[in-house]
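Comments concern the structure below.
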Amino acid sequence: MTKANRSFPCGNFYVTTPIYYVNDKPHIGHAYTSIVTDVFARFLALDGNNVKFTTGTDEHGQKILCSAEKNNISPKEFVDRNSNFFLSLMEALNINYSDFIRTTESRHKRAVQYLWQELEKKGFIYLGKYSGWYAERDEAFYAESEISEGKASTGAPVVWMEEESYFFKLSAFTEKLLDFYKENPEFIQPKGKFNEVVSFVKTGLKDLSVSRSNVTWGIPVPGNEKHTIYVWLDALTNYLSSTGYPDINGTQYKDFWQRANKSGKILHFIGKDILRFHAVYWPAFLMAAELPLPTQIMAHGWWTNNGEKISKSLGNIIDPLALIGQYDLDSLRYFLLKEMPFGNDGNFCEESFKKRVNAELANNIGNLVQRTLILIVNNCENSALKEAKLDELPAYAYEIFQKYKENIYQFKFQEALENIQEIGRKANEYIDLKAPWKLAKTNKTNNKGNKEDLAETNSTLNSILFNLAESIRVIGIMLQPFVPQAAAKILDALNIPSEARSFLYTKGNNEIALKLIKAPLPIFKKYL
Ligand code: MSP
């Protein structure tokens, strides 16, 4: 993703999605994490920031080996095939990532092994014996207190394991992490999740087993090939390997890990289920390696399907590709961000989906754009463009735009979309009140009349349509991160050049030439 405009105050932002397990088919949860991150990354770029956006696939571990065996193919063939499903999902969702990383790539293996050696050199890794509860499903270890009836608190079945294992001295980081959270109260979003993490760390951290001797499908421990590196240490390192680590003198690392940590931001978007790994283990690994830490961990909620937890065993997985086929991508992107406040859980229900996109996209925004632009095309083609005066409608749009920006910087995507709706409602009230079609009619029936009257009607009509077009331009710019294709159709119809679509151009840029406006292609569909 490139810089939107050089004259902006420009910050370096590095945003990431979790890397997806390749043993699952992509579902609505994966789609949501990717879309939220994409919206934020597009927003940052439009606001003039230098953005790197990494996504990818998590391909090692016992679970994946078992899935490959079940499919009668080699693990390599299995991960190649399934990683492609996620790559295709990113294309289908119009995710504007800058890097798609796979944990089976050599650049990643090199980064993980290097980080391991750093941790070892600094005295944070030792060989010991592991005995405890392990859940293969979560690829995680659990304390006795977290187990009941043979299951971890996540519901995953656990088994007692005893084996030789390398350990990471996580216990040495309890106080350091608590100090860090205290100094960085914004580190975990939303706030409720922050408190959960702090309480967990306060109970005291135990050393973490970070190698497995009976899992062959993984990155070998340097110097002891009998062991492979624990999948979470492997997976979390993707955020570094994508920046070129261990080449700490490379520009990617410098811009997006070192500098972003100081004068920009490193933001990990994740689901709430993997918060502990990102907010406890990951900063501890980085502290141990004396590397900069991410700025914020953004934990979103979970989708349910008509009120039920989504799971393979319940057979209620929602396939995002099927939804895009049945409806359209921008409607799905819009719905996912408008329906569920970031951080809360949300329910996916097709009836609510149709109701919402029909009312908010097709009616409020779509109709406004269609009726305004058609009036312009039918009435303004021959009129010379006069300097129309901006009235209260664009003034309102400019003001709301500022709120929208603040909202998105605070990850309030739902409110930001409501801001766009507010401008749409105001513009619809304006058009109903001013009734420009009446002026257009007078203009046509009066064309034998007095020249001055005609000129005056013309200029009033032009002015109303200009103010509407200007507000629609602002709506189009604001819609871009959320519904990029629909926003482009609106801005194309208004004849706004692609270099004038960033947030630098949201205020009073009197650049709309009414006579160059085209009737838009259909923008939003209505669903029965
Ligand atoms: N591979 C790990 C992440 C490693 S990151 C260093 C992983 N992968 S995952 O494929 O299981 O999950 C990826 C993301 O999808 C997580 O953020 C998870 O929260 C999200 N979702 C999975 N199901 C979901 C819902 N039903 N609703 C919303 N998001 C959910 O975890």
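The values are calculated or read from the model by the stated rules, or taken from the named source; none is laboratory data. Bear in mind the structure is a predicted one, so any value in this text is a computation, not a measurement. Counting neighbours? That spans all protein chains shown, and the Cβs are built from the backbone with ideal geometry, glycine included.
Inside segment 87-101, can you point out the residues that are touching a residue at least 40 places away in the same chain (Cβ under 8 Å) and of a type in the set (D, E)? Answer for segment 87-101, where residues must be touching a residue at least 40 places away in the same chain (Cβ under 8 Å) and of a type in the set (D, E): just D99. As for segment 107-121, it holds no residue that is in contact with a Pro (Cβ under 9 Å, 6 or more places away or on another chain) and among the β-branched types (V, I, T).
Pairs meeting the criteria (first residue in segment 298-323 and in contact (Cβ under 8 Å) with a residue 12 or more places away in the chain and more than 27 Å from H278 (Cβ to Cβ), second residue of a type in the set (F, W, Y) and within 13 Å of the ligand (Cβ to nearest atom), beta carbons under 8 Å, at least 6 apart or on different chains) are N306/F348. When E136 is tested against (1) under 17 Å from Y281 (Cα atoms); (2) among the acidic types (D, E); (3) in contact (Cβ under 8 Å) with a residue 24 or more places away in the chain, only condition (1) is not met.
Of all residues in segment 468-478, none are at pLDDT 80 or above, assigned to a loop (DSSP other than H, G, I, E, B) and either within 27 Å of A416 (Cβ to Cβ) or in contact with a Lys or Arg (Cβ under 7 Å, 6 or more places away or on another chain) (or both). Scoring W302 on the criteria (1) more than 16 Å from the ligand (Cβ to nearest atom); (2) in contact with a helix residue (DSSP H, G or I) (Cβ under 9 Å, 6 or more places away or on another chain); (3) not small (G, A, S) leaves a single failure, condition (1).
Residue-by-condition table, conditions (1) within 16 Å of the chain's Cα centre (by Cα); (2) hydrophobic (A, V, I, L, M, F, W, C); (3) within 13 Å of the ligand (Cβ to nearest atom):
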{"site": "Y20", "(1), (2), (3)": "yes, no, yes"}
{"site": "V39", "(1), (2), (3)": "yes, yes, no"}
{"site": "R42", "(1), (2), (3)": "yes, no, no"}
{"site": "E69", "(1), (2), (3)": "no, no, no"}
{"site": "N72", "(1), (2), (3)": "no, no, no"}
{"site": "K76", "(1), (2), (3)": "no, no, no"}
{"site": "S83", "(1), (2), (3)": "no, no, yes"}
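For segment 486-515, residues that are assigned to a helix (DSSP H, G or I) and surrounded by 13 or more Cβ atoms within 10 Å (Cβ to Cβ) total 14. The residues listed here are Y281, Y253; of these, the one that is more than 11 Å from the ligand (Cβ to nearest atom), at pLDDT 95 or above and not basic (K, R) is Y253.
Scanning segment 199-237 for residues that are hydroxyl-bearing (S, T, Y) and buried (at least 19 other Cβ atoms within 10 Å of the Cβ) yields S209, S211, T228, Y230, T237.
For segment 159-198, filtering for residues that are surrounded by 14 or more Cβ atoms within 10 Å (Cβ to Cβ), within 20 Å of M287 (Cα to Cα) and within 27 Å of the chain's Cα centre (by Cα) leaves 9.
Close Cβ contacts (under 7 Å, 6 or more residues apart or on different chains) running from residues in segment 353-377 that are without any contact (Cβ under 8 Å) to a residue 24 or more places away in the chain to residues that are surrounded by 20 or more Cβ atoms within 10 Å (Cβ to Cβ) and of a type in the set (F, W, Y) comprise R356/F335.
Considering segment 256-278, and only residues there that are in a helix (DSSP H, G or I) and of a type in the set (D, E, K, R), the residue that is nearest to the ligand (Cβ to nearest atom) turns out to be D273. Yes or no: segment 232-252 includes at least one residue that is assigned to a strand (DSSP E or B), among the polar types (S, T, N, Q) and touching a residue at least 40 places away in the same chain (Cβ under 8 Å). Checked against the condition, which is being assigned to a strand (DSSP E or B), among the polar types (S, T, N, Q) and touching a residue at least 40 places away in the same chain (Cβ under 8 Å), segment 232-252 yields no hits at all. Inspection of segment 199-220 finds no residue satisfying the criterion of being under 24 Å from the mean Cα position of the chain (by Cα), within 16 Å of the ligand (Cβ to nearest atom) and closer than 26 Å to S153 by Cα. If you go through segment 175-220 and keep only what is modelled with pLDDT of 95 or more, within 19 Å of K109 (Cβ to Cβ) and out of contact with any Asp or Glu (no Cβ under 9 Å at 6 or more places or on another chain), you end up with V210, P220. Of all the numbered requirements in (1) within 14 Å of the ligand (Cβ to nearest atom); (2) assigned to a helix (DSSP H, G or I), E91 misses one, and that requirement is (1). N344 falls short on exactly one of the conditions (1) within 16 Å of the ligand (Cβ to nearest atom); (2) at pLDDT below 95; (3) out of contact with any Pro (no Cβ under 9 Å at 6 or more places or on another chain); (4) not charged (D, E, K, R), and that condition is (3). The criterion of at least 3 residues that are surrounded by fewer than 17 Cβ atoms within 10 Å (Cβ to Cβ) is met, among helices (runs of 4 or more DSSP H) falling completely within segment 329-433, by 350-356, 368-379, 392-409.
When every residue of segment 268-286 is checked against the conditions, at least one turns out to be closer than 30 Å to K355 by Cα and buried (at least 23 other Cβ atoms within 10 Å of the Cβ).
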